[in-house]
Structure formats: structure tokens, C-alpha cells
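Undergrad: First the structure, which I've put down as C-alpha cells, then a few questions once you've had a look.
Values in this text are rule-based calculations from the coordinates and carry no lab data. Note that the coordinates shown come from a computational prediction; the quantities given were computed from them, not determined experimentally. Positions of Cβ are generated from backbone atoms using ideal geometry, with glycine treated the same way; all protein chains shown enter the neighbour counts.
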Amino acid sequence: MEEKEARRLVESCGDLIYRIGVNYLKNASDAEDICQTVFLKYIASDVHFENQQHEKAWIIRTTINACKDVLKSSAFKNTTTLEELGDIKATESHETGITEEVMKLPHNYRICIYLYYYEGYSIKEIASILQKTELSVRTLLSRARKKLQLTIREDMQ
Amino acid sequence: MMSRNAEYLDAMANLTLSDDAKNRMIQRMITTTPITSISGKKRNNSIKKYAVLAAACLMTLGLIAAAFIGNPAKLTSKKVDLSGTRHFENLTEYEKAAQIDISAVEAFKNGYKFQYMYLSETNAFDGDSSKISKEKAVNIHYTCENKADLEIHMNPVIASAHLKDSEDAQNATDQTEIDGITLYYSLNEYLSVPASEKGTLTNEELERAESDNHFFIYYGSLERKTTYASTLLFEMDNVIYLLESSGNDLTTDDLYSMAKEIIEHK
């Protein structure tokens, strides 16, 4: 791969993959491994992307699948202590510790919240990416929102 | 007071890859490229690679060439990096995947420490584009503060083509023996040139690429630059070890010492 294209890909998608990896695996170094895995899959794939949105959706799906593979593997350490959260570079409100609260949720809640609130995807789009029904996504979002005390996005009211 | 939504967005916005991590990934990605014709000699061609990891792929191809062809023939190969891990304890799993039994240390006495490990696969094709070989290798990346990174690539011996008979061994600039194992050292120079500047290479540079076994030209970099890499090769128990580091941070003796630790660790 040309250096210019590699740089474009890493700069435009690296943090996205990393955040999904952290949300899934709750561990910064495993999330970095996921980044490497997804980029290599990108190089090895024959997928032709119609536009950037198509490319981004492919990357998100591939990242989630890679995270699921890690969760299934015997080498993955399932215990994540609160001390490990310090490895994740994130600022937290000392009053509410929202990152800590996010990481206590099941991973499917975390990913829905992330795609909805941070990436700005609609429920329909999230359902397509995660291959779930819209009803499932709504339910996951509703439960996660209540636990985190997040408000519904204005554009979705 | 920040709303909960804003807090969440702020927290997620701060989850970012470091610049070092991004640069490492970029370098790995640009090494995953096809190699075009090699005729038993290291030739300058359209290899788009980062210099530090170049020797590993050429070495694998050279070993495949030695194993499968009595006479020089058009041989191509594609090296692909597979899964990776930051956990040294996964070594056994990677050995099984590559079907080789290797010796590896987690930390060297000179301060180099394990950072990550990955599996790679090289597929070789003959002149008719038929696949003639598919070999997996284990690769370990080490770092040391204020020094260039080191990678160790471990490939199985292919079809009894042993290192001592290879061009890499024969063209080594220095060699020594430890516990009956011969170590071959080389210092390679890499000239990286943007694809658009291919026509700017001088006759001297092109001739040198043909005749100097330790000079390589690569296309596809962002800027024209010259880099160096030290390599050390040895064979132990049907596994070929290639230690590779950019620049001049590691001397011949440094690499010999590290190889000694690997050999004695077995």
C-alpha cells in the first residue's frame, strides 16, 4: 500500500477503530491490536467502496467482528480491573466518572451508545451495521441511556 | 456544568491513538505489498516498502527461490501480515500456527523489550502464476528507549534450503560462530524515492542497485531519503532467524550478543 493511502486511512479511521476497540474490549493495548488487524484486513480485502460512508460502515463492521473474535479467544483476559481503565486515555468528570460508568455496561450497550451519540448514526443505520433489528437497538439505547442518564438527541426526539 | 451528553462526548473524544502508534501502523501497512520479479539476485524493482522491514520479505523470497528453483526463474511472492498480539505468552499459539518451534526472549540484557508479535504469511508464485509455496512466519517487535526498534523474523527452513547455502549468507559483510551456529551480519542501505521521481535516479544509483548486494531502491515513499538497516541471520533447529534494525544504533557486537541470548535460551 502506498504511504499516502496508508496515512489517509490511519488518520481518518484509526481513532474510530480504537474507540470501538476500547468500548468492546475495555483495554487500550487490545484496542491497538484491533486497529492493526482491521487495517490489514482492509489491505487484504477486495471490497470496492462506493463512497466514504460505505468505507466507514465496512470498517465499523469489520472492527466489531474483530473484537468479537478476540472476546471468543482463549488468550483474551476477561477480567478488567478498574486500574486497567487508567490505561485508557480519557478524561473523566471526577464528579460522575462517566467513562467508568460506560465501561460497566455490557459491550452491546456501549457500542450502541457510541455509534448513536458520538458517531451520530440513526437507529436504522446502527441496526444495519450491527445486523440487529431496529427494535433491539432502540431497547439497548433506551436502557443504556437510563443508566448513564443521557438525554435523547434533539434531532431524534 | 457540562451536561451528561457533553461529558460522554468529551470522554470519547479523548480516546485516541498516540502518534507513535499511528506511525507504527502506517509502516506496517506499507510493507504489505506484492514483490515483483526476483531472479535469484536482489534487484531494484517496484517494491514499495519501509526500509526497516524490507530484508525479511526478501530473505523469505530468497529462501523460497533457493528451495524451488535450480536455475533462476521468474518468481513472485506476496507477504501478508496476519494477526498480532501484545501478549508474549501467546508465543506458543503462534508457534503452532506457523508450525515451528522457536527460541525467543521477552527482554534482552541490553534493554530491548518485547512490544508485540505477529504472524505473517508469504505466498510464492512461479512464472505461470501457480502458487508454489505458502509459508508462515513468527515476527516479534522489540523496543528500547532512545534506540531504533528491532524486529526478529522467524521462518521455517523450506524444502531443505538451508541458510548457509543462501545468497544472504554468502554476501554477508561479517560472520561469527556461537555454540556451533554461524551468524551472518550485513549492513544494508535503502534509497526510498517517491513514485513520481522514479526517472530521477542516476545511472550510478541504478548500477549500484544491480551490483551491490547491500543497496536497495524502493518506490512509493513521500520523500527521497536514505536509510540503513543492520541485519543478522542465523539458523537453529530448522528455523531461520533474522534480526533487523534500522539505522546504526545496534552494532555488530550488539546483534551478536542478542543472538547469543536467543541461542542460549533454547
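Undergrad: Quick one: if the Förster radius is 56 Å, what FRET efficiency do residue B:176 and residue A:47 give, using the C-beta to C-beta distance and rounding to 0.05? Let's see the in-between values first.
TA: Values: r = 49 Å, r/R0 = 0.88.
For R0 = 56 Å, the calculated efficiency reads 0.70.
Undergrad: Would you please name the GluC sites (Glu not before Pro) within segment B:213-266 that are DSSP coil residues with at most 11 other C-beta atoms within 10 Å of their C-beta? Walk me through the numbers on the way to the answer.
TA: Values: sites: B:223, B:235, B:244, B:261, B:264; in loops: B:223.
Filter output for segment B:213-266: B:223.
Undergrad: Let me ask you something else. Return the subset of B:136/B:164; B:198/B:225; A:104/A:146; A:26/A:124; A:4/B:22 for which the Cα-Cα distance in this structure is over 18 Å, preserving the input order. Spell out each step's value before the answer.
TA: Numbers: B:136/B:164 21 Å; B:198/B:225 13 Å; A:104/A:146 13 Å; A:26/A:124 26 Å; A:4/B:22 13 Å.
Violating the 18 Å Cα-Cα cut-off are B:136/B:164; A:26/A:124.
Undergrad: Could you work out the mean count of beta carbons from other protein chains within 10 Å of each residue's beta carbon in A:37-44? Please report the intermediate quantities before stating the final value.
TA: Details: counts 6, 1, 6, 11, 1, 1, 7, 5.
Other-chain Cβ atoms within 10 Å of each residue's Cβ, averaged: 5.
Undergrad: Would you tell me the mean number of C-beta atoms belonging to other protein chains that fall within 10 Å of each C-beta in A:19-31, as a whole number? Spell out each step's value before the answer.
TA: Working: counts 6, 1, 2, 2, 2, 0, 0, 0, 1, 5, 6, 3, 3.
Mean partner-chain Cβ count within 10 Å for A:19-31: 2.
Undergrad: What is the fewest-to-most order of A:110, A:61 by other Cβ atoms lying within 10 Å of their Cβ? Don't jump to the answer; show the numbers that get you there.
TA: On the way: A:110 21, A:61 15.
Fewest-to-most ranking of A:110, A:61: A:61, A:110.
Undergrad: Take every residue in peptide A:5-17, count the Cβ atoms of other chains within 10 Å of its Cβ, and give the average of those counts.
TA: Partner-chain Cβ atoms within 10 Å, mean over residues of A:5-17: 4.
Undergrad: A further question on this structure: Using R₀ = 25 Å, calculate the FRET efficiency as 1/(1 + (r/R₀)^6) where r is the Cβ-Cβ separation of residue B:257 and residue B:228; round to 0.05. Walk me through the numbers on the way to the answer.
TA: On the way: r = 20 Å, r/R0 = 0.79.
It comes to 0.80.
Undergrad: Among B:212, B:253, what is the fewest-to-most ranking by other Cβ atoms within 10 Å? Could the numbers behind the result be given before it?
TA: On the way: B:212 13, B:253 10.
So the ranking, lowest neighbour count to highest, is B:253, B:212.
Undergrad: Segment B:183-211 to segment B:216-266: how many Å between their Cα centroids?
TA: 18 Å
Undergrad: Pop a pseudo-label 7 angstrom from the Cα along the beta-carbon direction at both residue A:124 and residue A:72 and give the gap in nm to one decimal.
TA: 3.1 nm
Undergrad: Label point 7 Å out from residue B:248 along Cα-to-Cβ: which residues of segment B:198-236 have amide N under 17 Å?
TA: B:215, B:226-231
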